[in-house]
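Each remark here refers to the structure printed beneath this line.
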Amino acid sequence: MPTPDTHAGEVKFVVLTGASRGIGHATVKRFSDEGWHIITCSRDPVPDACQRDPNWTGHITVDLAQPREQDRFIAEAQEMMGDAPLHALVNNAGVSPKTPYKERLGCLNGDMDAWTDVFELNLFAPLRLSRGFASALHRGKGCVVNITSVAGHAVHPFAGSAYSVSKAALSALTREMAAEFGGLGVRVNAIAPGEIATDMLSPETDVLIPRIPMQRLGDPEEVAAVIFFLCSSQSAYVSGTEVFVTGAQHIY
């Protein structure tokens, strides 16, 4: 039986990056549960859960930190879809490097080349993918969801400076894209997660819980639910916004 957001006989496609774990994996499951067809990518091979998912169209093993690999991903994903419209692009892949001693990479320490690597994946990959899929998104009157971070809005004790600045830039890019892609009938929004229980968290994250008004970490499924809402017809007039999924952590 079709879900409320799916017309009978219509196939909806979502392309999602960084799909092998955490928020990405939870988002794949949410879209699959809603009957969407899913194309994923990550640096890892095809996750077992994807292979068992009847709505999984394909997984592309790719390093989106490399511009040529970004172009390859766009080409291979479009080949999988053929002439079908694209209804959603979720730019979830990201990196937050640490020093060899697991210290926060700030402005005064660490290799400057690391900043370039972080920006290539966290900022330029979402831009290049959004441009590359623009025609397919136009055909689907689709949407783009960029995954930013609470760290892009205030100094974070564990997230490095390059990560935080790249996510702040992605917030600004979301605004600019919403203005330009709107003429194509494509909506662009962002989600800024806070402390979500994924492998990306530092072991010391528990010390931040007293600073979260809801007094707990978030679940990946809670972020996935908001991503799906922004890609659904229920948010048809929502564009150019950034939704904080932080348990109110961002208000301090």
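Considering only residues that are more than 14 Å from the chain's Cα centre (by Cα), of a type in the set (Phe, Trp, Tyr) and assigned to a helix (DSSP H, G or I), which ones fall in region 100-136?
Within region 100-136, 115, 119 meet the criteria.
Within the bounds of region 41-58, is there any residue that is among the β-branched types (Val, Ile, Thr), modelled with pLDDT of 95 or more and either touching a Lys or Arg at 6+ places or on another chain (Cβ under 6 Å) or outside any helix (DSSP H, G or I) (or both)?
No, the conditions are met nowhere in region 41-58.
Taking region 92-113, which residues are surrounded by 18 or more Cβ atoms within 10 Å (Cβ to Cβ) and modelled with pLDDT under 80?
Scanning region 92-113 gives 104, 105, 110.
So how many residues does region 197-221 have that are small (Gly, Ala, Ser) and either exposed (fewer than 14 other Cβ atoms within 10 Å of the Cβ) or part of a loop (DSSP other than H, G, I, E, B) (or both)?
The total comes to 2.
Please indicate, with yes or no, whether at least one residue in region 69-84 is buried (at least 16 other Cβ atoms within 10 Å of the Cβ), modelled with pLDDT of 95 or more and touching a helix residue (DSSP H, G or I) at 6+ places or on another chain (Cβ under 6 Å).
For region 69-84, residues buried (at least 16 other Cβ atoms within 10 Å of the Cβ), modelled with pLDDT of 95 or more and touching a helix residue (DSSP H, G or I) at 6+ places or on another chain (Cβ under 6 Å): present.
Restricting the search to region 159-173, which residues are buried (at least 20 other Cβ atoms within 10 Å of the Cβ) and not hydroxyl-bearing (Ser, Thr, Tyr)?
The answer is 159, 160, 162, 167, 170, 173.
Looking at (1) under 19 Å from residue 250 (Cα atoms); (2) surrounded by fewer than 24 Cβ atoms within 10 Å (Cβ to Cβ); (3) in contact (Cβ under 8 Å) with a residue 60 or more places away in the chain, can you tell me which one residue 178 breaks?
Condition (1) is where residue 178 drops out.
For residue 93, indicate whether it is part of a loop (DSSP other than H, G, I, E, B), under 20 Å from residue 151 (Cβ atoms) and touching a strand residue (DSSP E or B) at 6+ places or on another chain (Cβ under 9 Å).
yes
Quick grid of which residues meet (1) at pLDDT 90 or above; (2) of a type outside the set (Asp, Glu); (3) in a loop (DSSP other than H, G, I, E, B); (4) at positive phi:
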residue	(1), (2), (3), (4)
4	no, yes, yes, no
8	no, yes, yes, no
15	yes, yes, no, no
20	no, yes, yes, no
29	yes, yes, no, no
35	yes, yes, yes, yes
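Looking at 148, 205 in this structure, which one is farther than 30 Å from residue 81 by Cβ and either without any contact (Cβ under 8 Å) to a residue 12 or more places away in the chain or not aromatic (Phe, Trp, Tyr) (or both)?
Step by step, each of 148, 205 is checked, and only 205 is farther than 30 Å from residue 81 by Cβ and either without any contact (Cβ under 8 Å) to a residue 12 or more places away in the chain or not aromatic (Phe, Trp, Tyr) (or both).
Please specify each residue of region 160-205 satisfying the condition of being among the aromatic types (Phe, Trp, Tyr) and at pLDDT 95 or above.
181
State all residues of region 222-252 that are among the small types (Gly, Ala, Ser) and not in a loop (DSSP other than H, G, I, E, B); if no residue qualifies, say none.
Result: 224, 225, 233, 235.
Considering only residues of region 181-196 that are in contact with a strand residue (DSSP E or B) (Cβ under 7 Å, 6 or more places away or on another chain) and part of a loop (DSSP other than H, G, I, E, B), which is surrounded by the most Cβ atoms within 10 Å (Cβ to Cβ)?
Out of the qualifying residues, it is 186.
The values are calculated or read from the model by the stated rules, or taken from the named source; none is laboratory data. All values derive from a computational prediction rather than experimental measurement. Here the Cβ is made from the backbone with ideal geometry for all residues, glycine too, and neighbour counts use every protein chain on show.
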